[in-house]
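Please read the structure below before turning to the comments.
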Amino acid sequence: MSEKQTEVTDNKPELKEEFPELEKLIREKIRLAQKLGLMDGKEPIEGYENTKEYKRIEEIDARLWELV
């Protein structure tokens, strides 16, 4: 049983190292969405669809689909 626990613990760091781009993109998308007021039940900023931040969110979404 202790071998199994060690095995599971050893695999966790590998997952983070395996998908650094995925985690980076998710963090960037969250940061941009918060900036535009698209998260946490806030009121979106007026005209957010035309901002460079929103365009970047769309690019991130496309890349996330490729990765997942």
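What follows is calculated from the coordinates using simple rules that are stated; it is not laboratory data. Small disclaimer: the values here were computed from a predicted structure and weren't measured. Heads up, the Cβs are rebuilt from the backbone with ideal geometry, glycines too, and the neighbour counts pull from every protein chain shown.
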Q: For every other residue with a beta carbon closer than 12 angstrom to the beta carbon of Thr51, add +1 if it is Lys or Arg and -1 if Asp or Glu, then tell me the sum.
A: 0
Q) Which value in nm describes the separation of the simple spin-label points at Glu66 and Asp40, placed 7 Å from the Cα toward the beta carbon? A) 3.1 nm
Q: Calculate one ³J(HN,Hα) per residue across region 28-34 by plugging θ = phi - 60° into the Karplus curve 6.51 cos²θ - 1.76 cosθ + 1.60, and present them in order as whole Hz with x for glycine and proline.
A: 5, 4, 4, 4, 5, 5, 5
